[in-house]
Amino acid sequence: MLSTGIKITSKILQHSTLAVVCSFSLMVNASELKSEDQQKLHDIANNVSASRIGHDIQTLVNFGTRHTLSDTKSDTRGIGAARRWIKKEFEKISAQCGGCLEVIEVKDTISGEKRIPNPVEVVNIVAIQRGISEPNRMVMMSGDIDSRVSNVMDFTSDSPGANDNASGVAGVIEAARVLSKYKFNGSVVYAALSGEEQGLFGGKILTAYAQKHNWQVHGVLNNDMIGNITGINGVTDNTTARIFSEGTRVVETKKQANTRRFTGGEIDSASRNLARYIDTIADRYIPNLNTILVYRLDRFGRGGHHRPFNDAGFAAVRIMETNEHYDRQHQDLRIEDGVEYGDTIEGVDFDYTAKLTSLNAVTMASMAWAPAPPKEVKITGAVTANTSFSWQQSSDENIAGYKIYWRYTSEPQWQFSKYVGKVSKYTLKNVVIDNYYFGVASVNKQGIESPVVFPGDVGSFDHNIK
């Protein structure tokens with residue numbers, strides 16, 4: 001969590017003991033984050049180009065259709081041409097940064113499915129910017145290449161998919177352009193996924209690849225529709241965005257669920273605390289953007305490409321516009337009773353897409369520069385006046401120490417914090433465990449923090465924890 005310092009509210013002032021604890025806290029304040037590192041994060045936000053994003057969206061639209069089952073041989077039409085263009089863009093970016101991107105195709109053949117009945121090669125285009133000290137620790141931004149019209153099996157009709165989801169893919173490419181100019185401790189992954197509309201197959205394929213190669217994925221930022229600012233309800237708003245995150249992990253065991261029943265954590269999965277981290281980034285670095293933490297895996301009854309990563313236990317969220325326009329989603333191009341239908345480029349606001357791309361880029365930079373989230377965070381304190389913590393101390397040479405966070409159980413965001421130094425255990429005096437939720441973040445020597453980890457298995461960023 002990047003929120004630093006202690007936020008003292010009227011609630012705290014009602015509890016004099018807690019106020020005393022806070023007044024003596026050792027903190028890494030926002031002002032103590034080195035100015036050059038602060039400036040780098042601000043520069044990343046400012047260097048995202050709306051005009052480049054607009055050009056890329058138009059290029060993707062020009063392929064006519066990007067349906068998963070569409071033409072793969074043509075150089076001008078279909079998903080094959082689109083993914084080859086994306087790959088060339090990543091390779092061009094890599095050439096400009098001295099080969100800093102490893103550009104690969106992660107693919108598999110899918111068949112016998114309701115929406116892919118015959119064998120089809122589903123191909124993801126992935127660029128990996130390896131970290132200097134922890135190349136296997138990953139943070140990822142993803143967007144979907146494929147598009148569709150009203151009939152999900154119609155792979156020949158024009159399907160521009162300007163917002164859904166050329167906007168997300170253009171954001172991924174632009175983030176690579178900006179972040180490739182920097183070096184990070186952890187790795188940054190830029191993923192253009194296929195097969196989303198046919199059943200989230202690209203995400204499933206990349207998830208399996210990540211597991212096979214033992215990627216330590218600490219955050220997947222799935223961007224699906226980040227360009228529309230006018231909703232079906234007539235509301236126009238370019239100042240908000242939504243972050244969807246699951247509350248508990250689907251891979252949770254019965255034993256873990258039983259422990260959670262008595263200790264809490266229903267709203268503190270790694271994905272949920274990743275969402276809180278992104279929310280803090282927005283407040284600090286992205287002007288005129290308020291992110292809304294939505295306590296759902298996705299929109300009501302719907303899905304996106306972050307879900308396969310959640311299904312494997314990874315921390316993953318969906319970032320998207322606040323106001324959707326359903327006349328522009330999954331629609332044949334037509335005018336009916338004076339209403340225009342179809343996902344055309346006229347429905348995309350490039351400045352807004354750039355704003356959400358900046359949010360992604362700064363989040364990934366912060367996480368890749370920060371130490372890994374703490375492991376094996378544990379908490380005790382029943383029937384005592386104090387709350388005690390322990391965690392596995394990292395061997396990372398750039399780590400300065402750790403910060404404990406806490407909040408009232410009814411609050412959505414972390415309220416209080418205390419920097420405790422480079423230790424592996426700590427006791428908060430006169431802070432009663434029953435009244436708060438707690439977490440621990442790692443802090444590097446530049447003051448950049450990891451996401452907060454809620455104690456126990458429920459909050460761990462280790463996807464393999466059983």
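We did not get these values from a lab; they are worked out from the coordinates using the rules stated. Owing to the predicted nature of the structure, the values given are computational and were not obtained by experimental measurement. Please note: Cβ atoms are built from the backbone with ideal geometry, for glycine as well, and neighbour counts cover all protein chains shown.
Quick rundown of the values:
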item: Value of relative contact order over region 39-369, rounded to a whole percent, pairs C-alpha under 8 Å and six or more apart; result: 24 percent
item: Between region 113-133 and region 411-466, the Cα center-to-center distance that results, in Å; result: 35 Å
item: Modelled FRET efficiency - R0 22 Å, Asn464 with Phe262, Cβ distances, 0.05 increments; result: 0.40
item: Backbone HN-Hα couplings from phi across region 263-279 [Karplus 6.51/-1.76/1.60, Hz, Gly and Pro as x]; result: 10, x, x, 4, 10, 9, 5, 4, 4, 5, 6, 5, 4, 5, 4, 4, 4
item: Contour excess over end-to-end distance, with Cα ends at Tyr209 and Glu376 and 0.36 nm allotted per residue; result: 57.6 nm
item: Relative packing of peptides 393-406, 373-386 - highest average C-beta neighbours within 10 Å first; result: 393-406, 373-386
item: Amide H within-cut-off set for Ser147, under 5 Å, with H built and near neighbours excluded; result: Arg66, His67, Thr68
item: Under 13 Å from the Cα of Lys92 - aspartates and glutamates, other chains or at least 8 residues apart; result: Glu102, Glu174
item: Reciprocal of mean inverse Cα separation for region 410-464 (Kirkwood radius, Å); result: 13.1 Å
item: Ellipticity estimate at 222 nm from DSSP helix runs (n ≥ 4, -39,500 (n - 2.57)) divided over the chain, nearest 500; result: -8500 deg cm²/dmol
item: Spatially proximal lysines relative to Lys88 (Cα-Cα < 20 Å; intrachain offsets below 8 disregarded); result: Lys73, Lys107, Lys181
item: Cα long-axis angle, helix 167-179 against the chain (0 to 90 degrees, to the nearest 10); result: 60 degrees
item: Inter-part distance where region 43-77 and region 154-204 are each reduced to a Cα centre, Å; result: 9 Å
item: Set of aspartates and glutamates near Lys255 by C-alpha distance (under 13 Å), chain-local residues within fewer than 8 positions excluded; result: Asp457
item: Potential lengthening between Ser157 and Thr384 on full extension [0.36 nm per residue; Cα-Cα distance subtracted]; result: 75.0 nm
item: C-alpha center-to-center spacing [region 218-295, region 340-383] in angstrom; result: 9 Å
item: Mean shadow area of the chain, taken as a quarter of the surface of its Cα convex hull (nm²); result: 21.9 nm²
item: Phi to ³J(HN,Hα) by Karplus 6.51 cos²θ - 1.76 cosθ + 1.60 over region 306-320, Hz, x for Gly, Pro; result: 6, 4, x, 6, 4, 4, 8, x, 7, 6, 8, 9, 10, 10, 7
item: Residue-wise HN-Hα coupling along region 238-254, computed from phi with Karplus coefficients 6.51, -1.76, 1.60 (Hz; x: Gly, Pro); result: 10, 10, 10, 8, 10, 10, 8, 8, 6, x, 10, 7, 5, 8, 4, 7, 4
item: Coordinate range along principal axes, alpha carbons of region 118-240, Å, largest first; result: 47, 43, 20
item: Potential extension, Lys183-Tyr295 segment - 0.36 nm per residue separation minus Cα distance; result: 37.0 nm
item: Ser111/Glu336 FRET efficiency (R0 30 Å; Cβ-Cβ; nearest 0.05); result: 0.25
item: Pair-distance profile P(r), taking every C-alpha pair of region 68-136, with 5 angstrom steps and integer %; result: 4, 15, 19, 19, 16, 12, 8, 6, 2
item: Rough spin-label spacing in nm, given labels placed 7 Å along Cα→Cβ, for Ser424 and Thr72; result: 5.0 nm
